């Protein structure tokens, strides 16, 4: 089990934000290293050695025996925190259908919405001759369809939660995607 967690983060990015929220909820203290993609800091040799994809976030988990693991990509980090610290509050519901629905929501954000709105993609579109208003309009239009999916699934997950009586059999009030806990679905949409 890791005893120290260091997060390479950027304050304006939702991907590192979901990791910060999950760690806070689970009670995992983080130390921060700040990477500014607008200044190209993710492309430095030092950071590329830690995260070859040149993206944020990256989590470095260090064990007391000196072993370390570096994990990039927020969804992989969320899964690592969940699986390596089962003693702490869960990010996923206990039932298979609930976990599948939460993962479905996370995947809509991580694979359908975010790729077209991140700096890396918008920079390529700019380099291909896309005007600013075209880039913004293109990114926004792709999000509209996905927002419909998120709204539908959010309602579905909430309904299942209310009918099933919660993760642990107790009634819960509406909170994060129908749960009082910030599930990975909420973190995916943070």
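For region 49-64, name all the residues that are over 14 Å from residue 5 (Cα atoms) and in a loop (DSSP other than H, G, I, E, B). Those that are over 14 Å from residue 5 (Cα atoms) and in a loop (DSSP other than H, G, I, E, B): 51, 52, 53, 54, 55, 56.
The residues listed here are 28, 77, 71; of these, the one that is in a loop (DSSP other than H, G, I, E, B), under 17 Å from the mean Cα position of the chain (by Cα) and crowded, with 17+ Cβ neighbours inside 10 Å is 28.
Can you name the residue in region 93-122 that is part of a loop (DSSP other than H, G, I, E, B), at pLDDT 65 or above and touching a helix residue (DSSP H, G or I) at 6+ places or on another chain (Cβ under 8 Å) and is also nearest to residue 12 (Cα to Cα) among such residues?
Ranking the qualifying residues of region 93-122, first place goes to 93.
The values are calculated or read from the model by the stated rules, or taken from the named source; none is laboratory data. For clarity, every value in this text was computed on a predicted model and none was experimentally measured. Cβ: placed from backbone, ideal geometry, glycine included. Neighbour counts: every protein chain shown.
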